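First comes the structure, then the notes that go with it.
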Amino acid sequence: MKCKHKFKTINTISQKTHKEGSKKFKSGFEEANSYGIKILVARQQQCLECGEKRTTVEISKRQLDSIYAGLSKILEDEQIDSVLSDTEINVRNFLIQTSKGETKTRHEKKAMYKEVWLTVYPLRRFGRGNTNEVVEWIVNISNFDTDNGRPPLNSLVVRGDTGMPGESWVVWKNDSDTPYTTVEEAQQACWSYEWS
């Protein structure tokens with residue numbers, strides 16, 4: 001029969017006293033500190049029935065909130081890595097920087113198809129035949145983002161002569177569940193969204 005564990009604390013070490021404690025506790029506090037986590041108290045506990053031991057730690061709520069925030073970012077990054085190709089991740093990062101005004105492009109906070117192409121292939125010449133490949137990347141990126149409640153970055157990819165997306169954006173909008181009815185509305189959402 002499996003033990004239901006009734007743990008009792010047998011040793012308590014605080015942040016201030018860990019330096020005088022065992023090597024195991026000392027290294028645990030130091031390892032946590034190296035990750036930027038300040039352990040307030042560590043407790044060594046033992047099951048009263050089977051003798052199994054465990055160690056629990058207390059940290060501040062602020063640190064816990066910080067860990068949760070970091071974890072959600074890690075999970076988001078892992079999700080991006082599993083859905084988008086490396087090329088699409090690079091293009092997405094470029095478009096996010098563009099939406100924030102951090103890249104120098106011909107149209108402010110927008111990128112031409114050619115500018116997107118050159119972020120992937122800086123030494124290859126861009127021609128009309130390459131537009132379809134760029135469209136494929138930005139459609140995949142926007143499908144991923146809108147599926148996760150973010151605005152469509154493909155609205156920021158524009159033609160050089162008009163400063164507006166090509167007809168492929170309208171086709172994408174009609175085929176997707178995006179809540180944005182106009183290009184301008186989608187662009188404004190991209191510019192005001194807090195990208196991480």
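Computed from the coordinates by the stated procedures, all read-outs in this text should not be read as laboratory data. Predicted model only: the values in this text are computed from it and were never measured. Every residue, glycine among them, receives a Cβ derived from its backbone with ideal geometry; neighbour counts consider all protein chains shown.
A few remarks follow.
- Taken over segment 72-192, lysine pairs spaced eight or more positions apart, or on distinct chains, with alpha carbons under 24 Å apart number 9.
- For the set Lys8/Lys61; Lys4/Lys53; Lys4/Lys61; Lys2/Lys53, the pairs lying more than 18 angstrom apart at their alpha carbons are Lys8/Lys61; Lys4/Lys61.
- Estimated from the Cβ-Cβ distance and a Förster radius of 22 angstrom, the FRET efficiency linking Tyr121 and Asp86 is about 0.95.
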